[in-house]
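Below: one structure, written as C-alpha coordinates.
The values are calculated or read from the model by the stated rules, or taken from the named source; none is laboratory data. Note that the structure is predicted; figures quoted are calculated from it, not measured. Every residue, glycine as well, gets a Cβ built from its backbone with ideal geometry; the counts of neighbours run over all protein chains shown. Protein only, heavy atoms only, side chains kept; ligands, DNA and RNA dropped before computing areas. Shrake-Rupley method; radii C 1.70, N 1.55, O 1.52, S 1.80 Å.
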Amino acid sequence: MDLRRFITFKTIVEEGSFAQAARKLCCTQSTVTFQIQQLEQELSYPVFEKVGRRMALTPAGKLLLPQVRELTRVLEGIRQISTSEEVVAGDLRVMVGETLLAYKMPEVLRLFRLKAPKVRLSLQSVNCYVIRDSLLNDNTDLGVFYRVGHDEALQMEYFGQQELVLVASPQFPDFDFTQIEQHIPVSFIINEPQCVFRQIFESTLRERKITLDNTIELWSIESIKKCVAGNLGISFLPRFSVLRELESGELKELPFSTPSLSITALCAHHAGRTLSPAMKIFIDCMRECLGR
(Lines give C-alpha, C1' and ligand atoms only; values in the text may rest on other atoms or scores of the structure.)
Protein backbone atom coordinates (compact mmCIF):
# COMPACT_ATOMS: atom_id res chain seq x y z
CA MET A 1 0.00 0.00 0.00
CA ASP A 2 1.16 3.54 -0.78
CA LEU A 3 1.76 5.38 2.51
CA ARG A 4 1.15 8.73 0.81
CA ARG A 5 -2.51 7.83 0.38
CA PHE A 6 -2.90 7.31 4.12
CA ILE A 7 -1.22 10.67 4.78
CA THR A 8 -3.61 12.30 2.30
CA PHE A 9 -6.57 10.64 4.06
CA LYS A 10 -5.40 11.93 7.47
CA THR A 11 -4.78 15.43 6.09
CA ILE A 12 -8.30 15.65 4.63
CA VAL A 13 -9.78 14.80 8.04
CA GLU A 14 -7.58 17.33 9.85
CA GLU A 15 -8.07 20.14 7.31
CA GLY A 16 -11.79 19.56 6.83
CA SER A 17 -11.95 19.32 3.02
CA PHE A 18 -10.23 18.00 -0.07
CA ALA A 19 -9.37 21.56 -1.19
CA GLN A 20 -7.76 22.50 2.14
CA ALA A 21 -5.84 19.22 2.16
CA ALA A 22 -4.52 19.94 -1.33
CA ARG A 23 -3.22 23.33 -0.15
CA LYS A 24 -1.59 21.73 2.90
CA LEU A 25 0.05 19.02 0.78
CA CYS A 26 1.05 21.46 -1.98
CA CYS A 27 -0.72 19.56 -4.75
CA THR A 28 -3.88 19.87 -6.83
CA GLN A 29 -7.32 18.88 -5.59
CA SER A 30 -7.57 16.34 -8.40
CA THR A 31 -4.43 14.65 -7.07
CA VAL A 32 -5.98 14.40 -3.61
CA THR A 33 -9.19 12.96 -5.10
CA PHE A 34 -7.21 10.43 -7.16
CA GLN A 35 -5.20 9.28 -4.13
CA ILE A 36 -8.37 8.68 -2.11
CA GLN A 37 -9.93 6.78 -5.01
CA GLN A 38 -6.81 4.61 -5.18
CA LEU A 39 -6.88 4.08 -1.40
CA GLU A 40 -10.54 3.02 -1.47
CA GLN A 41 -9.78 0.65 -4.34
CA GLU A 42 -6.93 -0.93 -2.36
CA LEU A 43 -9.04 -1.25 0.79
CA SER A 44 -12.17 -2.41 -1.08
CA TYR A 45 -14.38 -0.05 0.93
CA PRO A 46 -15.19 3.69 0.81
CA VAL A 47 -13.65 5.96 3.45
CA PHE A 48 -15.58 9.14 2.55
CA GLU A 49 -19.20 9.76 1.62
CA LYS A 50 -21.03 12.89 0.50
CA VAL A 51 -23.38 14.34 3.12
CA GLY A 52 -25.13 17.37 1.68
CA ARG A 53 -22.39 19.54 0.20
CA ARG A 54 -19.54 18.15 2.26
CA MET A 55 -17.57 14.93 2.47
CA ALA A 56 -17.80 12.95 5.71
CA LEU A 57 -16.11 9.80 6.98
CA THR A 58 -17.96 6.55 6.41
CA PRO A 59 -18.26 4.17 9.40
CA ALA A 60 -15.30 2.25 7.95
CA GLY A 61 -13.37 5.51 7.55
CA LYS A 62 -13.94 6.34 11.22
CA LEU A 63 -12.51 2.95 12.20
CA LEU A 64 -9.55 3.48 9.88
CA LEU A 65 -8.62 6.93 11.21
CA PRO A 66 -7.02 5.86 14.55
CA GLN A 67 -4.97 3.23 12.71
CA VAL A 68 -3.72 5.81 10.21
CA ARG A 69 -2.81 8.22 13.00
CA GLU A 70 -0.84 5.46 14.72
CA LEU A 71 0.87 4.67 11.43
CA THR A 72 1.97 8.28 10.93
CA ARG A 73 3.27 8.42 14.51
CA VAL A 74 5.35 5.30 13.89
CA LEU A 75 6.71 6.86 10.69
CA GLU A 76 7.61 10.02 12.62
CA GLY A 77 9.46 7.88 15.17
CA ILE A 78 11.37 6.14 12.39
CA ARG A 79 12.40 9.53 10.98
CA GLN A 80 13.63 10.61 14.40
CA ILE A 81 16.01 7.63 14.57
CA SER A 82 17.88 8.92 11.54
CA THR A 83 18.45 12.36 13.06
CA SER A 84 20.21 13.65 16.11
CA GLU A 85 18.59 12.50 19.35
CA GLU A 86 18.49 16.13 20.44
CA VAL A 87 16.32 17.17 17.50
CA VAL A 88 12.64 16.35 17.92
CA ALA A 89 10.13 17.53 15.32
CA GLY A 90 6.62 16.77 14.12
CA ASP A 91 3.18 17.76 15.39
CA LEU A 92 1.80 17.59 18.92
CA ARG A 93 -1.87 18.20 19.76
CA VAL A 94 -2.59 19.05 23.40
CA MET A 95 -5.93 19.92 25.01
CA VAL A 96 -5.89 21.68 28.39
CA GLY A 97 -8.54 22.75 30.91
CA GLU A 98 -8.85 26.56 31.17
CA THR A 99 -7.70 27.08 34.78
CA LEU A 100 -4.79 24.68 34.33
CA LEU A 101 -3.74 26.40 31.11
CA ALA A 102 -3.89 29.88 32.63
CA TYR A 103 -2.27 29.20 36.00
CA LYS A 104 -0.30 25.94 35.84
CA MET A 105 0.87 25.44 32.25
CA PRO A 106 2.85 28.59 31.27
CA GLU A 107 6.03 27.25 32.90
CA VAL A 108 5.49 23.83 31.29
CA LEU A 109 5.00 25.39 27.85
CA ARG A 110 8.10 27.57 28.19
CA LEU A 111 10.20 24.55 29.12
CA PHE A 112 8.74 22.46 26.31
CA ARG A 113 9.56 25.17 23.79
CA LEU A 114 13.17 25.16 24.99
CA LYS A 115 13.45 21.38 24.80
CA ALA A 116 11.52 20.86 21.55
CA PRO A 117 11.68 24.05 19.47
CA LYS A 118 11.04 22.17 16.21
CA VAL A 119 7.74 20.64 17.34
CA ARG A 120 4.59 22.24 15.93
CA LEU A 121 2.43 22.53 19.05
CA SER A 122 -1.35 22.75 18.65
CA LEU A 123 -2.87 23.92 21.93
CA GLN A 124 -6.60 24.06 22.68
CA SER A 125 -8.45 25.07 25.85
CA VAL A 126 -11.69 23.10 26.23
CA ASN A 127 -13.95 21.43 28.79
CA CYS A 128 -12.60 18.42 30.71
CA TYR A 129 -15.30 16.11 29.33
CA VAL A 130 -14.44 17.18 25.78
CA ILE A 131 -10.77 16.45 26.48
CA ARG A 132 -11.55 12.99 27.84
CA ASP A 133 -13.77 12.12 24.86
CA SER A 134 -11.17 13.44 22.39
CA LEU A 135 -8.53 11.21 23.99
CA LEU A 136 -10.84 8.19 23.89
CA ASN A 137 -11.60 8.88 20.21
CA ASP A 138 -7.89 9.43 19.49
CA ASN A 139 -8.56 12.98 18.27
CA THR A 140 -5.78 14.54 20.36
CA ASP A 141 -2.37 13.40 21.56
CA LEU A 142 -2.34 14.56 25.18
CA GLY A 143 -4.89 15.97 27.60
CA VAL A 144 -4.18 18.02 30.73
CA PHE A 145 -7.38 18.25 32.73
CA TYR A 146 -9.26 17.27 35.89
CA ARG A 147 -10.34 13.69 36.39
CA VAL A 148 -13.97 13.17 35.33
CA GLY A 149 -14.37 9.45 35.91
CA HIS A 150 -12.19 6.41 35.38
CA ASP A 151 -11.45 5.24 31.84
CA GLU A 152 -9.33 2.12 31.42
CA ALA A 153 -8.62 3.16 27.84
CA LEU A 154 -6.60 6.15 29.11
CA GLN A 155 -3.10 6.13 30.56
CA MET A 156 -3.16 8.78 33.32
CA GLU A 157 -0.42 10.45 35.31
CA TYR A 158 -1.61 12.44 38.30
CA PHE A 159 -0.32 15.86 39.34
CA GLY A 160 -1.90 16.36 42.74
CA GLN A 161 -5.17 17.20 44.40
CA GLN A 162 -6.26 20.79 43.75
CA GLU A 163 -8.20 22.35 46.61
CA LEU A 164 -11.45 24.16 45.82
CA VAL A 165 -12.53 27.31 47.67
CA LEU A 166 -15.72 29.35 47.91
CA VAL A 167 -14.84 33.03 47.36
CA ALA A 168 -16.68 36.33 47.68
CA SER A 169 -16.05 40.06 47.86
CA PRO A 170 -14.81 41.41 51.23
CA GLN A 171 -18.13 43.35 51.34
CA PHE A 172 -20.21 40.16 51.05
CA PRO A 173 -22.23 39.29 54.21
CA ASP A 174 -20.97 36.28 56.16
CA PHE A 175 -23.70 33.81 55.17
CA ASP A 176 -23.14 30.27 56.45
CA PHE A 177 -23.04 27.87 53.49
CA THR A 178 -22.54 24.89 55.82
CA GLN A 179 -26.08 25.09 57.25
CA ILE A 180 -28.76 22.98 55.57
CA GLU A 181 -32.22 23.93 54.23
CA GLN A 182 -31.90 27.63 53.52
CA HIS A 183 -32.10 30.18 50.72
CA ILE A 184 -29.12 32.51 50.34
CA PRO A 185 -29.84 35.69 48.32
CA VAL A 186 -26.78 35.70 46.09
CA SER A 187 -25.77 34.89 42.51
CA PHE A 188 -23.40 32.02 41.73
CA ILE A 189 -20.87 33.19 39.10
CA ILE A 190 -19.19 30.38 37.21
CA ASN A 191 -18.59 29.04 33.69
CA GLU A 192 -20.49 26.45 31.64
CA PRO A 193 -22.56 23.59 33.15
CA GLN A 194 -19.97 20.87 32.48
CA CYS A 195 -17.36 22.68 34.57
CA VAL A 196 -16.11 20.11 37.11
CA PHE A 197 -15.96 22.44 40.11
CA ARG A 198 -19.36 23.90 39.25
CA GLN A 199 -20.82 20.39 39.32
CA ILE A 200 -19.23 19.67 42.70
CA PHE A 201 -20.56 22.93 44.19
CA GLU A 202 -24.08 22.51 42.84
CA SER A 203 -24.20 18.87 43.95
CA THR A 204 -23.17 19.89 47.48
CA LEU A 205 -25.86 22.58 47.58
CA ARG A 206 -28.50 20.04 46.54
CA GLU A 207 -27.37 17.67 49.30
CA ARG A 208 -27.68 20.51 51.83
CA LYS A 209 -30.97 21.74 50.34
CA ILE A 210 -29.54 25.22 49.81
CA THR A 211 -30.89 27.47 47.06
CA LEU A 212 -29.41 30.64 45.59
CA ASP A 213 -30.97 33.50 43.63
CA ASN A 214 -29.53 32.58 40.24
CA THR A 215 -26.46 31.50 38.26
CA ILE A 216 -24.42 33.84 36.07
CA GLU A 217 -22.42 32.01 33.40
CA LEU A 218 -19.18 33.56 32.16
CA TRP A 219 -16.52 31.91 30.00
CA SER A 220 -13.43 33.58 31.45
CA ILE A 221 -12.06 32.80 34.93
CA GLU A 222 -10.59 36.31 35.07
CA SER A 223 -14.04 37.79 34.33
CA ILE A 224 -15.57 35.62 37.02
CA LYS A 225 -13.03 36.84 39.58
CA LYS A 226 -13.59 40.50 38.62
CA CYS A 227 -17.36 40.15 39.04
CA VAL A 228 -16.96 38.42 42.40
CA ALA A 229 -14.54 41.12 43.57
CA GLY A 230 -17.20 43.67 42.51
CA ASN A 231 -19.66 41.96 44.89
CA LEU A 232 -21.92 40.69 42.11
CA GLY A 233 -21.93 37.17 43.52
CA ILE A 234 -19.85 34.26 44.76
CA SER A 235 -17.79 31.62 42.97
CA PHE A 236 -16.24 28.20 43.63
CA LEU A 237 -12.79 27.84 42.09
CA PRO A 238 -9.45 26.05 42.49
CA ARG A 239 -7.43 27.78 45.21
CA PHE A 240 -4.42 28.27 42.93
CA SER A 241 -6.55 30.38 40.55
CA VAL A 242 -7.55 32.88 43.28
CA LEU A 243 -4.45 32.76 45.48
CA ARG A 244 -3.23 36.23 44.49
CA GLU A 245 -6.64 37.82 45.11
CA LEU A 246 -6.99 36.10 48.49
CA GLU A 247 -3.53 37.27 49.57
CA SER A 248 -4.19 40.86 48.40
CA GLY A 249 -7.62 41.02 50.05
CA GLU A 250 -9.53 41.51 46.79
CA LEU A 251 -11.43 38.32 47.62
CA LYS A 252 -12.22 36.50 50.84
CA GLU A 253 -12.74 32.79 51.44
CA LEU A 254 -16.05 31.57 52.84
CA PRO A 255 -16.27 28.39 54.94
CA PHE A 256 -17.82 25.62 52.87
CA SER A 257 -16.46 22.15 53.64
CA THR A 258 -14.20 20.41 56.17
CA PRO A 259 -12.02 18.89 54.89
CA SER A 260 -11.87 21.02 51.75
CA LEU A 261 -13.27 19.58 48.54
CA SER A 262 -10.73 18.99 45.77
CA ILE A 263 -10.24 17.81 42.19
CA THR A 264 -7.43 15.74 40.66
CA ALA A 265 -5.20 17.25 37.97
CA LEU A 266 -3.75 14.81 35.46
CA CYS A 267 -2.06 14.36 32.10
CA ALA A 268 -3.42 11.53 29.96
CA HIS A 269 -3.12 9.85 26.60
CA HIS A 270 -4.82 6.89 24.94
CA ALA A 271 -3.48 3.70 26.52
CA GLY A 272 -3.11 2.03 23.13
CA ARG A 273 -1.04 4.81 21.65
CA THR A 274 2.69 4.74 20.98
CA LEU A 275 4.28 7.73 22.69
CA SER A 276 6.01 9.98 20.19
CA PRO A 277 9.27 11.73 21.17
CA ALA A 278 7.34 15.02 21.44
CA MET A 279 4.76 13.44 23.76
CA LYS A 280 7.52 12.06 25.99
CA ILE A 281 9.21 15.45 26.24
CA PHE A 282 5.93 17.19 27.06
CA ILE A 283 5.15 14.69 29.85
CA ASP A 284 8.71 15.11 31.19
CA CYS A 285 8.15 18.89 31.27
CA MET A 286 4.92 18.31 33.21
CA ARG A 287 6.80 16.21 35.76
CA GLU A 288 9.62 18.72 36.07
CA CYS A 289 7.33 21.74 36.54
CA LEU A 290 4.30 20.29 38.33
CA GLY A 291 5.59 17.14 39.95
CA ARG A 292 7.39 18.93 42.73
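Summary table
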| quantity | calculated |
| --- | --- |
| Where a residue in the stretch 30-47 is on the phi > 0 side of the Ramachandran plot and its partner, wherever it lies, is open to solvent by less than 40 Å² (accessible area, probe 1.4 Å) and at pLDDT below 90, with Cβ under 9 Å and at least six apart | none |
| So SER134, is it on the phi < 0 side of the Ramachandran plot, touching an Asp or Glu at 6+ places or on another chain (Cβ under 8 Å) and either open to solvent by 60 Å² or more (accessible area, probe 1.4 Å) or free of Cβ contacts under 8 Å to residues at least 40 places away in the same chain (or both) | no |
| Single condition GLU222 does not satisfy, out of (1) out of contact with any strand residue (DSSP E or B) (no Cβ under 9 Å at 6 or more places or on another chain); (2) under 20 Å from SER262 (Cβ atoms) | (2) |
| Filter result for ARG69 (within 30 Å of CYS195 (Cβ to Cβ), touching a residue at least 24 places away in the same chain (Cβ under 8 Å) and out of contact with any strand residue (DSSP E or B) (no Cβ under 8 Å at 6 or more places or on another chain)) | yes |
| Matching entry among SER122, SER82 (being open to solvent by 70 Å² or more (accessible area, probe 1.4 Å) and either modelled with pLDDT under 85 or on the phi < 0 side of the Ramachandran plot (or both)) | SER82 |
| Filter result for LYS62 (touching a residue at least 24 places away in the same chain (Cβ under 8 Å), open to solvent by 50 Å² or more (accessible area, probe 1.4 Å) and either at positive phi or within 25 Å of the chain's Cα centre (by Cα) (or both)) | no |
| First in the stretch 277-292 and over 14 Å from VAL87 (Cα atoms), second anywhere and surrounded by fewer than 18 Cβ atoms within 10 Å (Cβ to Cβ) and charged (D, E, K, R), Cβ under 7 Å, 6 or more apart | ILE283/GLU157; CYS285/LYS115; CYS289/GLU107 |
| Residue list for the stretch 125-156, restricted to those being at pLDDT 90 or above, under 19 Å from PRO66 (Cβ atoms) and touching a helix residue (DSSP H, G or I) at 6+ places or on another chain (Cβ under 8 Å) | THR140, ASP141, LEU142, GLY143, LEU154 |
| Selection count where residues are surrounded by fewer than 14 Cβ atoms within 10 Å (Cβ to Cβ) and part of a helix (DSSP H, G or I), scope the stretch 209-248 | 6 |
| Subset of the stretch 1-53 [touching an Asp or Glu at 6+ places or on another chain (Cβ under 7 Å), open to solvent by less than 40 Å² (accessible area, probe 1.4 Å) and not in a helix (DSSP H, G or I)] | VAL47 |
| Matching residues in the stretch 157-177 - criterion: being out of contact with any Leu (no Cβ under 9 Å at 6 or more places or on another chain) and at pLDDT below 95 | GLN161, PRO173 |
